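Remarks on the structure that follows.
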């Protein structure tokens with residue numbers, strides 16, 4: 001371990017590091033005492049162990065066996081080192097409680113245990129202006145969200161909101177592993193640093209080749225770079241915002257309708273429904289499936305397994321395993337049909 005990494009480790013753990021350091025030196029003092037009594041005085045292990053314990057605890061018991069002058073000098077050194085070290089440990093432990101490090105450590109362990117139980121969850125890297133919106137939208141549907149953030153003020157906000165998170169740099173492979181990258185369904189890298197987004201994308205694709213990666217880009221010229229790194233989707237927030245504002249000006253009624261449908265403010269929702277290989281709809285066309293009749297749903301489009309999109313499909317359009325139906329209907333009807341797909 002280099003001096004720089006040692007200092008970084010010390011700054012990260014603070015008073016907890018001091019507490020661990022005190023315990024380490026106490027073990028050294030204890031081992032030194034055992035050496036004095038066993039190898040210099042020739043005592044048994046039990047006698048030596050007991051003598052070290054009563055010496056360090058300063059309970060005031062007498063010597064088990066007569067000590068030589070040299071042993072008494074070493075015993076005096078053990079008492080001085082032990083008492084001083086105990087005072088150091090007590091002070092470090094008190095500071096750790098006052099600073100909240102102990103509470104944070106216990107809280108992090110609790111969160112990590114919850115993360116370890118997750119499967120097919122979502123990982124969001126960055127909780128800034130973009131990342132926070134992504135998290136809040138996903139939380140409306142699923143609570144299986146893990147945020148990776150390093151800014152102290154944002155970490156405190158995540159803690160206050162009760163959102164599962166890990167504090168640290170998202171470009172750290174170990175941190176992504178702790179977030180359950182190998183079991184995750186999707187990862188959204190919404191970091192402000194373009195290079196960091198590329199690195200996270202590369203790492204995520206390497207650790208989990210099947211994961212869905214959505215990356216943020218600040219410039220259209222960076223889209224190809226992120227896609228080459230392994231991103232399935234690249235989003236330009238300023239472009240989406242500009243297009244949305246233009247649509248609001250040109251087509252306000254359509255925009256309002258889409259807002260209501262997507263956000264679920266009315267009993268109408270746009271949803272995607274996947275058709276499994278065991279579904280009873282496989283091999284039937286839309287007319288034979290009776291989806292419109294039985295569930296009062298509108299099939300807006302069908303996305304084939306190869307990625308091809310069929311917009312406004314006709315009644316003779318065949319349904320196949322692996323298809324994704326883009327549907328519009330009431331939430332209760334969408335939930336009912338999802339049980340049979």
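Laboratory data are not the source of any read-out in this text; all were calculated from the coordinates shown. Please read these numbers as outputs of a predicted model, since none were measured by experiment. Using ideal geometry, Cβ is built from the backbone for each residue, glycine included, and neighbour counts are taken over all protein chains shown.
Annotations
- Computed log₁₀ I(q)/I(0) - Debye formula, equal Cα scatterers, no solvent, region 289-341, q 0.22 Å⁻¹: -0.85
- Label zone at residue 296, where the point sits 7 Å out along the Cα-to-Cβ direction: region 303-341 residues whose backbone N lies under 14 Å: 328-337
- Once C-alpha pairs closer than 8 Å and six or more residues apart are averaged by separation and normalised to the residue number of region 176-229, the relative contact order reads 40 percent.
- Residues residue 24 and residue 156, FRET efficiency given R0 of 45 Å [Cβ-Cβ distance, rounded to 0.05]: 0.90
- Once Rg and the Kirkwood radius are both taken over the C-alpha atoms of region 13-99, their ratio Rg/Rh works out to 1.06.
- Sorting the segments 162-168, 241-247 by their mean number of nearby beta carbons within 10 angstrom, highest to lowest, gives 162-168, 241-247.
- Label-reachable residues, region 160-180, where backbone N falls under 20 Å from a point 7 Å from residue 196's Cα toward its Cβ: 160, 163-180
- Over all Cα atoms in region 109-173, the spread is summed up by Rg and Dmax: 11.0, 29 Å.
- Debye intensity ratio in log₁₀ form over the Cα atoms of region 139-207, taken at each q of 0.12, 0.13, 0.24 Å⁻¹: -0.30, -0.36, -1.18
- Sites residue 177 and residue 136 - FRET efficiency at Förster radius 35 Å, r taken between beta-carbons, to 0.05: 0.85
- Kirkwood hydrodynamic radius of the chain, from the reciprocal of the average inverse Cα-Cα distance over all distinct pairs: 25.6 Å.
- Considering region 119-240 at the alpha-carbon level, its Rg and Dmax are found to be 13.1, 38 Å.
- Gyration tensor (alpha-carbon) shape descriptor, region 198-304, a/c threshold 1.5: oblate
- Dividing the helix sum by the residues of the chain, where each DSSP H run of 4 or more adds -39500 (n - 2.57), gives a mean residue ellipticity at 222 nm of -16500 deg cm²/dmol.
- Applying 1/(1 + (r/R0)^6) with r as the Cβ-Cβ distance of residue 185 and residue 335 and R0 = 30 angstrom yields a FRET efficiency of 0.90.
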